[in-house]
1. Of all residues in segment 64-114, which are among the acidic types (Asp, Glu) and either open to solvent by 60 Å² or more (accessible area, probe 1.4 Å) or touching a Phe, Trp or Tyr at 6+ places or on another chain (Cβ under 9 Å) (or both)?
2. How many of the residues in segment 45-63 are of a type in the set (S, T, N, Q) and surrounded by 10 or more Cβ atoms within 10 Å (Cβ to Cβ)?
3. Check ARG70 against each of (1) of a type outside the set (Phe, Trp, Tyr); (2) free of Cβ contacts under 8 Å to residues at least 12 places away in the same chain; (3) on the phi < 0 side of the Ramachandran plot and name the one condition it does not meet.
4. Which of the residues that make up segment 10-43 are at pLDDT 50 or above and open to solvent by 90 Å² or more (accessible area, probe 1.4 Å)?
5. Which condition from (1) under 18 Å from ILE112 (Cα atoms); (2) of a type in the set (Lys, Arg); (3) not in a strand (DSSP E or B) is the one that LYS83 breaks?
Amino acid sequence: LQHIEKMTSALTAKKVATTEDQQQVSRIRITLTSRNVKNVERVCADLIKGAKKKNLKVQGPVRMPTKVLRITTRKTPCGEGSKTWDRFEMRIHKRLIDLHSTSEIVRHITSINIDPDVEVEVTIAGQSQ
């Protein structure tokens, strides 16, 4: 009789542990932003490679439209002379990656060496079953 009670208590403990693990799994969105395309793609590939090593469900990278910020200004400071203009522009590239995992695993994955030029934003959307 004691042997059966030990087995049932062990089974219920396993069920509780697995349900807690399932509840902690959430949809996590990683947003990468930079002015340099190569750096964004490199960091993106590193994150996806790390996630696939952990056998996580990965969606992305989703390439968002490039924002082009333009400034047109006169070359001459005083306003005299021929009317020549300078055109400057800055391109901002953005990538989205969605992961389905726990926050501890994502912390471990995002601890890779990330270029200082790349801005990383991690948002936890919610619980997924």
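1. GLU80, GLU89, GLU104, listed by residue number.
2. Looking only at that region, the number is 1.
3. Among (1) of a type outside the set (Phe, Trp, Tyr); (2) free of Cβ contacts under 8 Å to residues at least 12 places away in the same chain; (3) on the phi < 0 side of the Ramachandran plot, ARG70 violates only (2).
4. Passing the criteria: LEU11, GLN24, ARG35, LYS38, ARG42.
5. The single condition LYS83 does not satisfy is (1).
The values are calculated or read from the model by the stated rules, or taken from the named source; none is laboratory data. Bear in mind the structure is a predicted one, so any value in this text is a computation, not a measurement. Cβ sites come from the backbone with ideal geometry, for glycine too, and all protein chains shown count toward neighbours. Protein only, heavy atoms only, side chains kept; ligands, DNA and RNA dropped before computing areas. Shrake-Rupley method; radii C 1.70, N 1.55, O 1.52, S 1.80 Å.
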